[in-house]
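Derivation of every value follows stated rules applied to the coordinates shown; laboratory data play no part. Just so it is clear, the model here is predicted, and its values are computed rather than measured. Cβ coordinates were reconstructed from backbone atoms using ideal geometry, including for glycine residues, and neighbour counts include every protein chain displayed.
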Amino acid sequence: MSAELVAQLTPTQFLGYERLQEDGLEIVALLRDGRPVDRVSAGEEAIVLLDRTPFYAESGGQVGDAGELARDGARFQVSDTLKLAGQYHAHVGVLGEGSLQRGDRVAGGVDEKRRAATVLNHSATHLLHAALRLVLGEHVTQKGSLVAPERLRFDFAHFQPMNAEELARVEHLVNDEVRRNHATQIHHMGMQEALEFGALALFGEKYGDEVRVLRMGDGSIELCGGTHVTRTGDIGLFKIVSEGGVSAGVRRIEAVTGQGALDHVAIEERRLDEAARLLGVSQAEIGDKLRALLDRQKRLERELDTAKAKAASNVTSDLGASAVDVHGVRVLAARIEGLDAKALRDALDRLKQQLRDTVIVLAGATDGKAALVAGVGGSATGKVKAGELLSHVAAQVNGKGGGRADMAQGGGDDGPQLLEALANVSDWVRQRISG
């Protein structure tokens, strides 16, 4: 907004604490592309400024209201309400039909369902803040928030992740305050009086001489200009959806309330039903069944590791004889079907012990891909570097790899190019040694 326009206007009077519908609202300014205009026509996007409004403008984490402005033959769909220059409510949207001009009087109607859902989440955010301070300590302070119809997000100062027990206790405390159905109390007082009253103020936030204090029960007293429930019982149900880190020393909780919380619980119920069905047990037996399956999986993995180790042992006994002599160094390059990287490393260690002065490249082929390992042992160390050899082979099979002078690993494609690359290992070693 230009300074000239600001000088012409008085701050918007907010009516939305008491009512969501109001007639006779005067259009004091219209903006298109950030510039004042006298008239807006159908299909145009614009910002409408009114002398009074029931629409809450985005502030303090609470999203702006949506709804409709209307007069005979004209309907303006409000998609959002913002606050300009800290004191003017800007109704953002599109004129669906008719025309509007400065000086017209319109009826304003807030989307009641959207506002109601937002209000539940905003009041729950205050109860959440109080519960966090009880469970974690008074070092917890608000670092940011988002209060929308679908969910709430609360960022707060804390030095470590919350555990399951802490989250459960916070959720229980909030729902306990909800069930107590406290009446919401609003007080207007001076800033110093509010602080003496016990109200929490956000560090760095600017407050006027008179502040609005919101109190719910005995635990939640905060300065807040947002819209809230009449009684805490209106929230219905509070459910934490997630907890995680935002930055160093700042955690984030996301939660839902009311119908959103019931919908979340219903979704979780369906997931449990599906898990129980797949496992062939009741919901109560899911934990026991999963523990049994995990124990069985661990046992099978141990048996598989044993089988792979045995296979690697068998491979080494067969492959050792196929190594060729290159200037006194035993060189071995081979493709082995079905061995993964771990089994290849085991085979490599055994072959290095068996062949001693040696250079080895092994490729374990599975489903069109090859795991690669290379090793250098004995007197070959210092003459050939495993990392360089592995990189040389991998580059020929659309792969990559590297490592130390005595051991390296990587991967690439299985196929004719792999066999050709392995066949040329002896020549590559010969050049390195003779060079």
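Once you reduce segment 56-127 and segment 251-324 to the center of their Cα atoms, the two points are 49 Å from each other. Phi angles across segment 113-120 convert, under the Karplus curve 6.51 cos²θ - 1.76 cosθ + 1.60 with θ = phi - 60°, into 3J(HN,Hα) values of 5, 5, 4, 4, 5, 5, 4, 4 Hz, Gly and Pro given as x.
Which one, N163, N175, N424, has the greatest fluctuation when you compute a Gaussian network model over the chain with C-alpha springs under 10 angstrom? Looking only at N163, N175, N424, the largest GNM fluctuation is found for N424.
When the helices of the chain are scored as -39500 (n - 2.57) per DSSP H run of n ≥ 4 and the total is divided over every residue, the value at 222 nm lands at -11500 deg cm²/dmol.
Most exposed first by the Cβ proxy, i.e. fewest other Cβ within 10 Å, how do F238, F14, F156 rank?
F14, F156, F238
Taking all Cα pairs closer than 8 Å and separated by 6 or more residues, the relative contact order of segment 306-434 comes to 22 percent.
Counting neighbouring beta carbons within 10 Å and listing from fewest to most, the residues E243, E165 come out as E165, E243.
Largest first and in whole Å, give the semi-axes of segment 278-371's equivalent ellipsoid, each being the square root of 5 times a Cα gyration tensor eigenvalue.
41, 13, 8
Share of Cα-Cα pairs in the chain beyond 33 Å, in percent? The proportion of pairs with Cα distances above 33 Å equals 60 percent. Multiplying each eigenvalue of the alpha-carbon gyration tensor of segment 1-145 by 5 and taking the square root yields semi-axes of 33, 17, 12 Å, largest first, rounded to whole angstroms. Exposure proxy for R39, R302: other Cβ atoms within 10 Å of each Cβ, ordered fewest to most, give R302, R39. What is segment 206-272 by shape, rounded, prolate or oblate, if you read a ≥ b ≥ c off the alpha carbon gyration tensor as root eigenvalues and call it rounded for a/c under 1.5, prolate for a/b larger than b/c, and oblate otherwise? Oblate, since a/c reaches 1.5 and b/c is not below a/b.
Using the structure shown, select from K342/K383; K342/K400; K83/K113; K298/K352; K289/K369 the pairs with a Cα to Cα distance greater than 28 angstrom.
K298/K352; K289/K369
Between V359, V110, V229, the Gaussian network model of the chain with springs among Cα atoms under 10 angstrom shows the greatest mean-square fluctuation at V359.
In this structure the amide hydrogen of V250, modeled in the peptide plane, comes within under 5 Å of the amide hydrogens of H158, none closer than 5 places in sequence on its chain. Which of rounded, prolate or oblate describes segment 65-168 when judged by the alpha-carbon gyration tensor and an a/c cut-off of 1.5? Prolate shape, in that a/c is at least 1.5 and a/b is the bigger ratio. Summary value for segment 70-210: 15 percent relative contact order, contacts being C-alpha pairs under 8 angstrom separated by 6+ residues. Applying D = kT/(6 pi eta Rh) to segment 115-275, where Rh is the Kirkwood radius over alpha-carbon pairs, T corresponds to 10 °C and eta to 1.306 mPa s, the Stokes-Einstein value obtained is 98 µm²/s. Each Cα pair under 8 Å and six or more residues apart adds its separation to the average, and for the chain the resulting relative contact order is 9 percent. Averaging 1/r across all pairs of distinct Cα atoms in segment 306-434 and inverting the result yields a Kirkwood radius of 14.0 Å.
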